[in-house]
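The values are calculated or read from the model by the stated rules, or taken from the named source; none is laboratory data. Here the structure is a predicted model, which is why all the values come from computation and not from measurement. In this analysis, Cβ positions are derived from the backbone assuming ideal geometry, glycine residues included, and neighbour counts consider all displayed protein chains.
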Amino acid sequence: RWFEQDPALKRRFERIEVVEPSHPLVRNILESLAPELEEEYGVEVLDEAIDSAIDLSVHYLPEQRLPDKAKKLLMDACIARTNPLNTAAEQEEREDRREEHEGAEGSPEVDRRAVAYQVHLKTSIPLDRLLKGEITWWVGLEKRLRRSIIGQDEAMRAVAHTVVASRLKNAGKRRPLAVLAFVGPPGVGKATAARALAREVFYDDRALIRLDMTDFQEAHALSRLIGSPPGYVGYEDADMLVTPLRRRPSSVVLFEDFDRAHPRIQDRLLRLIEEGELGDTRGHRADATNALFVLTISTEEAVLRSPIGFGAAEDGGERMLERLGDTSLALRLRDRVDGVVSFSELSKDAERGSLALLDAIVDQFVENMAAEYQVALQLSEALRGRLSDEVRQHGKARDVEAVVHRLLVEPAAEVLLEGRGDDKMTIDWNEESAQVVVRNEASDKEETK
């Protein structure tokens, strides 16, 4: 700011670039520092801890620089091994096979696991992934996603395979974990699938950054995502995309209704995602290599149920989007999305359609009543039949939830609010009056809704 703009001052100083030291040099620095850490904190620093501090910091802490980030990781691990509170926290964080190692003189050992746990605290990346790599991390992902999203088995299979294939294809590149486009009618589970990915991939429902792109239909709305330019109102305010991703780089970023955003915003976001790094107008950079991006595109048309990856089938993904009547969007997504996954309306069969979703929602509601209100709730066969009859008319998850809310949740809630509930309740359906009947077994009172 000062030197470059003043020629007289600039010619009196010479610019010297200080680059990061090489990995062998960093290792020598940490080896020379290890005796001081051992003496100060009363621990024994193993060679594997030094190697892990270098490798994990380079891979998962790109915003910081060597040797400082590796030194800080190693120092934090030493402090944690001598702090009983931190040791207890480690045990709570899914350290199933925690073993207390003792050094030659009885001092605690700082090993690879201790360093990996510090990376886990800073990035929220699962500890098992840091320790074991990704070989076993993806095992069972498809099955877990199917349990979370009822009636979209083919879509969940496509999601799991595309994520793993993307990691293989982009290994060594600065690319996100995967970039997926979910195409389908509203209310069939596209956003719910993104939330399930956050839970199953990052083990936390809160690892989700959700942005409704209908709020970004004007070109100037880009400033809300990456910040306002210098001199404009809101320059010092936090943005909605880069700052959350900097705070939690291991997240699922959901761009809901991506097709509704302004074309310039679509282009800018896709370019940033492709670079594997997002930057705001204040010069802050967010690493996106450990994030998973999901773009949802809503349509009322029936689309191909089988998924098509842009890299797998020639022009297949583009043809799928062109069927929606938006050729320009297909061109923007071409070669920038790892896969297009089609979500269809739920079928009417009992195994993987609307009835399967109904059973899952009802079972969850019964469990919630028992856990939250200590009420043993039972549903009569007549009510179950009524629920099934109404659900068969719908093919969207939101419609199924609305039926359950009207026939089951509302009657139970009204009885609880009025204090007429009991520890055992039965909800029935009266065919003659076409109404829901709530019965308390202890008092045999009937409440008609």
Of all residues in region 108-166 being over 20 Å from Gln64 (Cβ atoms) and of a type in the set (S, T, N, Q), which is surrounded by the fewest Cβ atoms within 10 Å (Cβ to Cβ)? Thr136
So the helices (runs of 4 or more DSSP H) completely within region 174-283 holding 3 or more residues that are modelled with pLDDT under 85 and among the aliphatic types (A, V, I, L, M) are 222-226
Within region 92-113, of all residues that are under 24 Å from Glu200 (Cα atoms) and out of contact with any Leu (no Cβ under 9 Å at 6 or more places or on another chain), the one modelled with the lowest pLDDT is Arg97
If I go through region 33-63 residue by residue, how many of them are over 19 Å from Pro21 (Cα atoms), buried (at least 16 other Cβ atoms within 10 Å of the Cβ) and not hydrophobic (A, V, I, L, M, F, W, C)? 3
Matching entry among Asp363, Asp389, Asp444, Asp422 (being among the charged types (D, E, K, R), at pLDDT below 80 and surrounded by fewer than 15 Cβ atoms within 10 Å (Cβ to Cβ)): Asp444
Looking at region 28-45, which of the residues that are in contact (Cβ under 8 Å) with a residue 60 or more places away in the chain and of a type in the set (Asp, Glu) is farthest from Asp68 (Cα to Cα)? Glu44
Just for region 392-419: of the residues that are assigned to a loop (DSSP other than H, G, I, E, B) and surrounded by 15 or more Cβ atoms within 10 Å (Cβ to Cβ), which one is modelled with the highest pLDDT? Arg392
